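Trainee: This structure is in structure tokens; I'll ask about it shortly.
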Amino acid sequence: MSWFSQALNSTIGKKVIMALTGLFLITFLIVHVSGNTLLFRSDGGEAFNLYAEFMTSNPLIKAASYILYSGIILHVIYALVLSIRNKSARPVGYAVAKPSQNSSWKSRNMGILGTILLIFLIIHMRSFWYEMKFGEVPVMSVDGVEIKDLYSIMQAAFSQWWYVLIYVLAMVGLGYHLAHGFWSAFQTLGLQHKKYSPFIKKVGLAFAIVVPALFASMPIYMFIKSLS
């Protein structure tokens with residue numbers, strides 16, 4: 001086995017992969033939430049549908065999407081491997097355990113938060129990505145060109161209070177996950193400095209609040225619109 005393979009199979013190597021894939025997924029969240037803000041435009045979904053059409057038809061974006069799927073899979077697999085390894089390394093709990101004094105709630109429950117997000121991701125992709133790719137999606141005409149009307153699919157989904165509730169709760173989970181994961185990724189990669197680390201922590205906390213809040217505001221906004 002080469003030194004590279006040994007490094008990847010080590011606990012540190014797995015944590016590095018977790019950190020790198022996590023930062024990559026954070027970058028994706030920025031792009032995704034930026035595009036989804038088009039849902040707030042009062043144009044009947046035209047701008048959002050043009051954005052969705054571009055994201056699903058551009059060859060470069062398609063290639064990037066496969067990298068994204070691989071990143072998600074790697075992040076999940078290595079999270080499971082590390083969780084199992086940590087439990088097997090400590091089969092018997094300490095006689096006196098006070099986890100709340102040694103770590104935060106979100107850091108102790110990253111596995112649970114990640115599982116919730118994975119379940120939500122499957123539901124989310126089934127509702128929108130699968131429908132966009134394989135479902136019978138209505139079309140709308142923009143400048144004489146027919147494109148898929150994903151906006152109407154989102155309107156139908158977010159007119160249901162229970163779906164909006166699931167979405168919002170998942171975004172709360174995402175916020176907690178990011179609050180620990182953002183800083184943890186930099187820490188794992190050794191990017192720590194007494195001068196810059198406090199700033200990175202503040203950026204991570206702001207990111208963990210703003211991005212999930214933006215995502216959560218979209219279904220709430222569309223649900224309120226459906227009532228009028």
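The values are calculated or read from the model by the stated rules, or taken from the named source; none is laboratory data. The structure displayed is predicted, hence computed values, not measured ones. Neighbour counts run over all protein chains shown; Cβ positions are idealised from the backbone, glycine included. These area figures cover heavy atoms from the full protein model, side chains too; ligands, DNA and RNA do not enter into them. Shrake-Rupley method; radii C 1.70, N 1.55, O 1.52, S 1.80 Å.
Trainee: Report ³J(HN,Hα) in whole Hz for each residue of region 169-175, in order, from the Karplus equation J = 6.51 cos²θ - 1.76 cosθ + 1.60 where θ = phi - 60°; Gly and Pro get x.
Mentor: My calculation for region 169-175 gives 4, 5, 5, 5, x, 4, x Hz in order.
Trainee: Considering only C-alpha atoms, what is the centroid distance from region 114-189 to region 5-75, in Å?
Mentor: Region 114-189 and region 5-75 have Cα centres separated by 12 Å.
Trainee: Tell me the accessible surface of Glu131 in square angstrom (1.4 angstrom probe, heavy atoms of protein chains only), to the nearest ten.
Mentor: The accessible area of Glu131 comes to roughly 40 Å².
Trainee: Using the basic label-point model (7 angstrom from Cα toward the beta carbon), what is the Ile224 to Gln160 distance in nanometres?
Mentor: 2.3
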